[in-house]
Amino acid sequence: MDRAFVAMYGVRDLEKKLLAGVKAGKVARKGLLADRLAQALKENVLSKKKSIKF
C-alpha cells in the first residue's frame, strides 16, 4: 500500500501536465498511457527528462 501511494504521488506532476495538454488539444483525452505519453513528448507537453523515469 505504501509503495502504491508513493508511486501515485510521483506521477502527480505528469498527470497535471498531461491534463494541460488535453485542455490545449495537443494530447488525446483517452487511450493507453504509453500512447498518451508519446504524444505528449511529440507535442512538447512533456520533456524527455521528466517522462524517462516512467
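No lab work stands behind these numbers, since they all come straight from the coordinates. Not measured: the values here are computed from a predicted model. For neighbour counting, all protein chains shown are included, and Cβ atoms are generated from backbone atoms with ideal geometry for every residue, glycine included.
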To test your reading of the geometry: what angle, between 0 and 90 degrees and rounded to tens, separates the Cα axis of helix 2-23 from the longest principal axis of the chain?
10
In degrees, nearest ten, helix 33-42 long axis to first principal axis of the chain (Cα):
50
Would you compute the Debye intensity of the chain from its alpha-carbon atoms alone, equal scatterers and no solvent, and pass along log10 I(q)/I(0) at q = 0.19, 0.22, 0.25 Å⁻¹ to two decimals?
-0.62, -0.79, -0.96
Long-range amide H partners of VAL27 with built H, under 5 Å:
VAL22
Under DSSP loop assignment and at most 11 Cβ neighbours within 10 Å, longest trypsin sites (Lys or Arg not before Pro)-free interval of the chain:
1-28
Using Cα-Cα distances under 8 Å and only pairs 6 or more residues apart, what relative contact order does the chain have, in percent?
30
